[in-house]
Amino acid sequence: MTRVLVVEDEPQIVRALVINLKARKYEVDAAPDGATALQLAAARHPDVVLLDLGLPDMDGVEVIRGLRGWTRVPILVLSARHTSDEKVEALDAGADDYVTKPFGMDELLARLRAAVRRAEPVGGGEGADDLVTVETEGFTVDLAAKKVNRDGRDVRLTPTEWHLLEVLVRNTGRLVSQKQLLQEVWGPSYGTETNYLRVYMAQLRRKLEGDPSHPRHFITEPGMGYRFER
Ligand code: CA
């Protein structure tokens, strides 16, 4: 199933998009504003984003920049604007394509399929699921043996630190939301205890980062979550 995030504040357009997308077996999440869009993207990892540029709380271009901080998900812009400057700005910010409103549903769906197709990994996927060891220049994580090696020595991690590290490493390069991390590591009744994450991320950085105050591997996405980069 291809998951689409529709970011649009006009209910009639949302309704038309949701009906047409669901009829073609897409899974659809809808966000009426930019803040919801960024949260839903982090929580749901859509395969493609349909983004209206004129949103009530922020410019759609800001949403593009927010997404591009951590994801390469294809972004198809819906623009009612006719000046090419704004379309260029959206593309510069990282949008993949745009459709001008009012749009024909067939054209939109064709562009959506093309955007998803372009984003498909070449040569059989990212391999994140069958990853066993992850190497950075500073340390190596062995997911099968549940060990971390730094400079030839095993790093002692508590079970909670290990669990947090494991969730992040299995999502290498992807934003993991605060809520997802809390629920996976601490349990389903957690979700708002973001201070736990701050404390444990600081511990992981102290043990594994070359310069814990300028992390290269354990990246904070303020207000949203964390991301591991090799
Ligand atoms: Ca709008």
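Read-outs throughout are calculated quantities, based only on the coordinates presented, and are distinct from any laboratory measurement. Remember, predicted model here, so these are calculated numbers, not experimental data. Quick reminder, even Gly has a Cβ in these numbers, built from the backbone with ideal geometry, and neighbours come from all protein chains shown.
Here are a few things to note about the model shown:
- Proximal charge balance of Pro11 [Cβ under 13 Å; K/R count +1, D/E count -1]: -4
- Shown for Leu109, Leu38: other C-beta atoms within 10 Å of each C-beta, ranked fewest to most, produce the order Leu109, Leu38.
- Those lysines that a straight Cα-Cα span of less than 20 Å connects to Lys146, excepting residues fewer than 8 apart in one chain: Lys207
- Mean Cβ neighbour count within 10 Å, used as a protection proxy, ranking 20-29, 157-166 highest first: 157-166, 20-29
- Counting only DSSP H runs of at least 4 residues, each contributing -39500 (n - 2.57), and dividing by the residue count of the chain, the helix-based mean residue ellipticity at 222 nm comes to -12500 deg cm²/dmol.
- The Rg/Rh ratio for segment 1-117 is 0.91, where Rg is the radius of gyration of the alpha carbons and Rh is the Kirkwood radius.
- Dipole check for the chain: with +1 at the C-beta of Lys and Arg, -1 at the C-beta of Asp and Glu, and the Cα centre as origin, the magnitude is about 600 Debye.
- The distance linking segment 180-197 with segment 77-108 is 38 Å (Cα centroid to Cα centroid, whole angstrom).
- Here's the list of lysines a cross-link from Lys87 could span, going by alpha-carbon distance under 30 Å and ignoring same-chain residues fewer than 8 apart: Lys22, Lys25, Lys101.
- Computed over the chain, the percent of Cα pairs more than 27 Å apart is 41.
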